[in-house]
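Contents: one structure, followed by commentary.
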Amino acid sequence: MVLLDRWCYIADLPNNTTAESTTSTGLPIKVTFRAARPPLISHFCVHCPGLYFRRVGPKIVATDADLVLLCVPTNPYSTIRELDWDYFVYSPRAQWLNRLPNPHPRGLNDSATALISRDDGAWYAVAALGVRPPLYHGRTLISWEFDLHLYRSSDSKGWISKRLSVTEFERDKLIPLPRAVDRLYHETGKTITIGGEHGTVAWVDLWRGIFFCDVLKERPVLQDVPLPVPARGNWDRLLKNPDPIYVRDVTISRNKGLIKYVELEEFFSQEELNASPTPLSYTDWVRNYNNSRKYRVIRNGWKSTAWNMKIPVGGSCEGWHPDCVVSDEDVIKEASNPCLSDLMAMLSTETTLTLKELPVEYPILSMDDDVVYLFSQAKPRHDMDKLAVMLAIDMKKATLQEWAELDVQKRTFFVPNFFASEICRKPKALLLDTVLSCVYDKNI
């Protein structure tokens, strides 16, 4: 398993994973995979002479087994039009790069698009979920409507679309939203390829639930499975923040036959600035009352909770089982851990923060073991640039396994766009031989 950056680097750094093709506009294009062991981040490099990426660059959409789906903008000034994007499937192991037929007039949502490798990469499918207007009878909601956009490399028909409906609203029963909150029933934030005979895909709405679908069946249906109820510390934050990816993640563990889910809670306290003495009486309090008091918010630790569900899944949230819980206090107890000592020494040297005060967000679950990766970004003591690190926490052992400083010179981390991938799963030699034989630069 590796941690991938969705955004590709624009660089010509060929190695023995490099593959070549042409864009729809006739320009040559090369893609290269450059891997690193977690918690370092692996990257893809794209080189396309004559194509300038002014507004947005090439992006990894999905991976499965040894295959990668990426999109490349062919118009340097466009960010939305489907016709201005080329989609490629890339195999680092076999070193080929295939351009797909453009899905236009269908629009593909990157976060709702899956790649499904079949017969050890001999052919593949791409499946994307699109949202349609819901159906009403008068003012009564009848169904939520979706489109399944499907492409099979073994089929000459090209892209096809099928209508899917959800008429049983399980999430509204188990995880209802306040009436004042206006949200769609399902907003895909992440897509997971489960695979199997019928090409099962999981479209994850990190707010409330997952749609499972056997996309290669003749008549696919959506199976709705709610997520566990949000942790108390996130009730307000989940409704106020537009994207729950900063506190939640869902992934698949094939070696254990599980769907895994994690939720991160951060705790805060307030400290009044220029606090006045405690009044002796209510009259004194009224006389000196000041409604313009200022407070400083102090980070006061975090807690990470993991759940899992067996594959194949059932049809309700009862299939979720608590797995393990770890907090910053648990990690700090391992004072003899040299990895922890190195991190705390770095924090005391580079910042004014302790481990409890260090902001941690964007959890990423490991697909292979019990590790959760936490991203942290802080203001260094002596530098204008931000300090970004990735922490690898073993949740079962409650220890800091590893940590790595990330390179912030290449990109400003407004919202980190990293995810776990099995691209090096099969065979392992792809990581150990092919990648390590490359000239690896930690700044790439």
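The numbers here are math on the coordinates, done by the rules we state, and not lab data. Computed from a prediction, not measured in an experiment: that's the story for all the values here. Glycine also receives a Cβ, built like all others from the backbone with ideal geometry; neighbour counts cover every protein chain displayed.
What the table below lists for this structure:
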{"item": "Mean Cβ count within 10 Å, highest first, over the residues of peptides 95-107, 131-143, 64-76", "result": "64-76, 95-107, 131-143"}
{"item": "Packing-based order for 19-25, 84-90, using average beta carbon neighbours within 10 Å, highest first", "result": "84-90, 19-25"}
{"item": "In nm, spacing of pseudo-spin labels at TYR52 and ARG183 (7 Å Cα→C-beta vector)", "result": "4.2"}
{"item": "DSSP beta bridge pairing in the chain, given as percent antiparallel to the nearest 5", "result": "95"}
{"item": "Cut-off 12 Å between beta-carbons: net charge of the residues surrounding ASN337, Lys and Arg +1, Asp and Glu -1", "result": "-3"}
{"item": "Proximal charge balance of SER253 [Cβ under 11 Å; K/R count +1, D/E count -1]", "result": "-1"}
{"item": "Computed magnitude of the charge dipole of the stretch 109-229 (debye, nearest 20; Cβ of K, R +1, Cβ of D, E -1)", "result": "340"}
{"item": "Taking ILE116, ILE29, ILE298 and counting other C-beta atoms within 10 Å, the order from fewest to most", "result": "ILE298, ILE29, ILE116"}
{"item": "Relative contact order for the stretch 171-220, counting Cα pairs under 8 Å that sit 6 or more residues apart, in percent", "result": "27"}
{"item": "Dipole magnitude of the chain about its Cα centre (Cβ charges: Lys, Arg +1; Asp, Glu -1), debye to nearest 20", "result": "860"}
{"item": "Calculated over the chain: convex hull of Cα atoms, volume per residue (Å³)", "result": "195"}
{"item": "Ellipticity estimate at 222 nm from DSSP helix runs (n ≥ 4, -39,500 (n - 2.57)) divided over the chain, nearest 500", "result": "-2000 deg cm²/dmol"}
{"item": "Two-site FRET efficiency, THR167 against ASP330, from Cβ-Cβ distance with R₀ of 30 Å, rounded to 0.05", "result": "0.10"}
{"item": "Contour minus Cα-Cα distance for THR278 and GLU218 (0.36 nm per residue)", "result": "14.4 nm"}
{"item": "Leading residue at positive end of dipole, the chain (Cβ point charges), from HIS137, VAL372, PHE212", "result": "HIS137"}
{"item": "Dipole of the chain, positive direction: furthest Cα of LEU108, ILE194, ALA404, with charges on the beta-carbon", "result": "LEU108"}
{"item": "Principal axis dimensions, the stretch 109-229 - Cα atoms, whole angstrom, descending", "result": "49, 31, 22"}
